[in-house]
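Everything below concerns the one structure shown next.
The values are calculated or read from the model by the stated rules, or taken from the named source; none is laboratory data. Since the model is a prediction, treat every value here as computed from it, not as a measurement. Virtual Cβ from ideal backbone geometry, glycine too; neighbours counted across all protein chains shown. Heads up: the accessible areas ignore ligands, DNA and RNA and are worked out on the full protein's heavy atoms, side chains in. Shrake-Rupley method; radii C 1.70, N 1.55, O 1.52, S 1.80 Å.
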Amino acid sequence: MALTNRQYDELMRSYEQKQFHARHIQAERKAKIYAELPELSQIDEAIASFSVKQARLLLDGDEHALVILKDQLAKAKKRREQILSDAGYTPADLEPAYECPDCKDTGYIGSKRCHCMLQSSLDLVYRQSNLTNLLNEENFSHFREDYYSDTLTDPVTGLSARAIIRYAYNEAQNFIRDFDKTHGNLFFYGETGVGKTFLSNCIAKELLDTGHSVLYFSAFALFELLEKCKFDREPEAMARQEDLFSCDLLIIDDLGTELSNSFTVSQLFLCLNERILRKKSTIISTNLGIDQVIDIYSDRTFSRIRSNYSLIKLVGEDIRHQKKRS
């Protein structure tokens, strides 16, 4: 499971809090039960004393005395259980009530991550992706190619809108399948409402469900964050900026809707270039045409995109308008 260092640290802090909470509840419950059953304290002291003696006899090799001591220890434990049972308790009532009894809220069973930690990791990357609720609707189970016409064609390629979306769908599936091997990047462009964001979100869900870290930002939110890092040096923004560079997949949606200036142009290049150097995947969607991207963000930036991204132009009628009519 590919967590960033920051995500892993956050996850482990949550496990430390779980352990602290379990021990706190245990201490309160134990104090209540011991106040109600004072004989338990005496028995616990006897059990502790017997255990120390048992350890010494083991070291000394005195097997006869050890047998007698084991018998005394067993009787003390049995009496302890009887006292608890008579009062309506069990030995478990004196133990920490861990959320996960398998790993005792450590996140690990031996050297392997516990099933609860795997689920917690998934929950964390989903929560931090900015996509949690959206992906309930925008996923491949809701993909429909019948929104794309067989007769409407792209004047450059001559392909129909439906043929193009089929190609885009296959490219998305290949992107997901080879994600950990090729570190690919996708650039979706085309008119408003033709499914660029939807397809990006479908990919995001598949990767989130396999434990990859995914971050979604509108272009406006992305540059707002980078501005806070550059000029305000806000600690939270600085930490979030590192996530931008280190997450498995970064989605930049609606590139071109932000107020473009020299700052946004330079920051986009730095962000994309850093992720390419780190072999981290990025998906960009935009309503801009290729010439507009070059004019706004420079030849240098587009050269990095052209050399490292699969460029996919989607065409068709605005799907949102089609849904309103149906």
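Data table
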{"quantity": "Calculated SAXS-style log₁₀ I(q)/I(0) at q = 0.12 Å⁻¹ - the chain, Debye, Cα scatterers", "calculated": "-0.88"}
{"quantity": "Pairwise FRET efficiency - residue 134 versus residue 97, Cβ, R0 = 41 Å, nearest 0.05", "calculated": "0.70"}
{"quantity": "Cβ-based charge dipole, the chain, positive-most Cα from 235, 294, 249", "calculated": "249"}
{"quantity": "Value of [θ]222 nm, deg cm²/dmol, for the chain, DSSP H segments ≥ 4, -39500 (n - 2.57) each, nearest 500", "calculated": "-19000 deg cm²/dmol"}
{"quantity": "Apportionment of accessible area to carbon and sulfur, the chain, percent (1.4 Å)", "calculated": "51 percent"}
{"quantity": "Dipole magnitude of the chain, debye to nearest 20 (Cβ charges: Lys/Arg +1, Asp/Glu -1, about Cα centre)", "calculated": "420 debye"}
{"quantity": "Prolate/oblate/rounded label for the stretch 193-259 (Cα gyration tensor, a/c 1.5)", "calculated": "oblate"}
{"quantity": "Rounded accessible area of residue 24 (nearest 10 Å², 1.4 Å probe)", "calculated": "90 Å²"}
{"quantity": "Per residue, in Å², the accessible surface of the stretch 1-151 once ligands and nucleic acids are set aside, probe 1.4 Å", "calculated": "64 Å²"}
{"quantity": "Choice from 64, 142, 21 showing the highest fluctuation, given a GNM over the chain with Cα pairs closer than 10 Å", "calculated": "64"}
{"quantity": "Partnerless Cys - the chain, beta-carbon criterion under 4.7 Å", "calculated": "202, 229, 247, 271"}
{"quantity": "In degrees, nearest ten, helix 235-246 long axis to first principal axis of the chain (Cα)", "calculated": "70 degrees"}
{"quantity": "Cα long-axis angle, helix 115-128 against the chain (0 to 90 degrees, to the nearest 10)", "calculated": "40 degrees"}
